[in-house]
Amino acid sequence: MEEKHKKIIDKLIKYKQEDILKTIDKFSNEEKENILNQIENINFEQLEKLYKKIDVKKEDKCIKIEPIEYIEKENISIEEKEKYNQIGTKTIKEEKYAVVTMAGGQGTRLGHNGPKGTFDFGLDSHKSIFEILCENLKEAYEKYKIYVPWYIMTSKENNKETKEFFEKNNFFDYPREKIIFFTQEQLPMLNEKGKLIIDENKDIKQAADGHGGIFVSMRKDNIVEDMKKRNIEWVYIGGVDNILAKMVDSVFVGLAIEQKVLAAGKSAVKACPEEKVGVFCKKNGKPSVVEYSEITKEMSEERDVNGQLKFGESHLLCNLFNIDAIDEISKDKLPYHAAYKKCNYINNNGELIIVDKPNAYKFEAFLFDAFESLDKITVLRVRRKEEFAPIKNAEGKDSPETARELYNKFHKIGG
Ligand code: UTP
């Protein structure tokens, strides 16, 4: 056996991952070689640590969660709004503003065969999500006569297909040089016993490392550098799946500048206390987002003197970051959290097992963990029906149907 293979096998034994050798035993030499090459690049030490942490229940007791102050867009006076608008407009017109769309997710709940941005969610025009987002940037051009640079984060899984889709659609007639792709990192998924998984393509199953992977990926792919070269000062970072996202909002930009913060986020009031969304809060005095599962029922129902939910500011994943904050945050990885997901696999007999319930762990970093490194952020509460129409599920809540309805209502299309 080649020296290289011996080293890889020793590594597998050291980290108790040698079981995989049984699975690949019946593979062709080429397939085996492919798997071993992939194994060579795995950081087993990191994976071992991540797996060990899964069972450790979070010591929430030492984390003090408090409500965070927010500004309601509707309550800002006309004069104030105009002041923020002028400040934000200046930044945009001076070409100091960029947009990043995070499109590296797997979109497992939606189940569309392809990157989520390529999804036709049933508008009469049959425009894809990417095209709708691009229209938002084209509207900004009409207003500011500036083509805002559009950075798109893909994953290793969907990078090729995403780029091909843009090519095929002639970049939606947006200037080609203003669209910049970069790719986020991935991590192997692990089964319940902490072992590597072989997927249907006879590859080690790896998955994008969460939207929080964005910052280190921006550094690694020289996006931070590229932005600095272009003199970008403010960056909108948002998900791909909110088709009402206002990606170029001068009032939001002006407000963040005026408040002298390094980041800002948009919120919408929770539809009801039980809604399963992350909400803005303070954790040990630092701005953060708390998952619905991390607060008690009592906390989720608590109201302030005005009758408003104390933890009612849903995080819309529509955030602004100053380039200095990105520069700093991107120096270190954000912590990983484990998510329990469905993952088809090839078993030791070489059979493909299709699963119908979660069976594997995926490790993800969350973008909002970055807020905790800042002393203060601005939270701007906006109207849900004007700025939030997410496409998450195939049916029911936050589905193509609900998003389409919101989109058509907002744009006054149809009845
Ligand atoms: P979600 O957390 O809703 O995940 O992502 P998802 O991948 O779209 O869907 P599910 O959970 O598999 O059904 C919110 C946003 O963050 C991006 C997604 O593309 C979406 O825009 N994202 C998520 C990434 O860019 N990378 C990731 O690793 C995860």
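The values are calculated or read from the model by the stated rules, or taken from the named source; none is laboratory data. Keep in mind the model is a prediction, meaning the values are calculated, not measured. With ideal geometry, Cβ positions are generated from the backbone for all residues, glycine too; neighbour counts draw on all protein chains shown. These area figures cover heavy atoms from the full protein model, side chains too; ligands, DNA and RNA do not enter into them. Shrake-Rupley method; radii C 1.70, N 1.55, O 1.52, S 1.80 Å.
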Problem set entry | Of residues in the range 68-106 being open to solvent by 20 Å² or more (accessible area, probe 1.4 Å) and either under 20 Å from SER399 (Cβ atoms) or within 16 Å of the ligand (Cβ to nearest atom) (or both), the one modelled with the lowest pLDDT | GLN106
Problem set entry | Subset of the range 282-298 [part of a loop (DSSP other than H, G, I, E, B), open to solvent by 60 Å² or more (accessible area, probe 1.4 Å) and closer than 21 Å to ALA365 by Cβ] | ASN284
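Among GLY114, GLY122, which is open to solvent by 30 Å² or more (accessible area, probe 1.4 Å), within 17 Å of LYS392 (Cα to Cα) and of a type in the set (Gly, Ala, Ser)?
So the residue among GLY114, GLY122 that is open to solvent by 30 Å² or more (accessible area, probe 1.4 Å), within 17 Å of LYS392 (Cα to Cα) and of a type in the set (Gly, Ala, Ser) is GLY122.
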Exercise. When you look at ASP203, is it more than 29 Å from LYS331 (Cα to Cα) and either touching a helix residue (DSSP H, G or I) at 6+ places or on another chain (Cβ under 8 Å) or within 15 Å of the ligand (Cβ to nearest atom) (or both), yes or no?
Worked result: yes
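Could you please find all residues in the range 107-152 being more than 16 Å from the ligand (Cβ to nearest atom) and part of a helix (DSSP H, G or I)?
Step one: of the range 107-152, the residues more than 16 Å from the ligand (Cβ to nearest atom) are 120, 122-127, 135, 137-149.
Correct list: GLU135, LEU137, LYS138, GLU139, ALA140, TYR141, GLU142, LYS143, TYR144.
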Exercise. In the range 269-281, how many are aliphatic (A, V, I, L, M) and surrounded by 22 or more Cβ atoms within 10 Å (Cβ to Cβ)?
Worked result: 1
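Out of the range 322-343, which residues are assigned to a strand (DSSP E or B) and within 15 Å of the ligand (Cβ to nearest atom)? Spell out how you get there, then give the answer.
Of the range 322-343, the ones assigned to a strand (DSSP E or B) are 322, 336-341.
Of everything in the range 322-343, those that are assigned to a strand (DSSP E or B) and within 15 Å of the ligand (Cβ to nearest atom) turn out to be TYR336, HIS337, ALA338, ALA339, TYR340, LYS341.
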For this session: Kindly provide the set of residues from the range 218-262 that are farther than 14 Å from PHE182 by Cα, open to solvent by 40 Å² or more (accessible area, probe 1.4 Å) and charged (D, E, K, R), ordered by number.
Result: LYS228, LYS229, ARG230, GLU233, LYS246, GLU258, LYS260
Problem set entry | Residues located in the range 226-282, provided they are more than 15 Å from LEU316 (Cα to Cα) and modelled with pLDDT under 95 | CYS272, PRO273, GLU274
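Which of the residues belonging to the range 374-399 are more than 16 Å from the ligand (Cβ to nearest atom), assigned to a loop (DSSP other than H, G, I, E, B) and open to solvent by less than 70 Å² (accessible area, probe 1.4 Å)? First the steps, then the outcome.
First, pick out the residues of the range 374-399 that are more than 16 Å from the ligand (Cβ to nearest atom): 374-386.
Then drop every residue that is not assigned to a loop (DSSP other than H, G, I, E, B), which leaves 374-377, 382-383.
Passing the criteria: LEU374, ILE377, VAL382.
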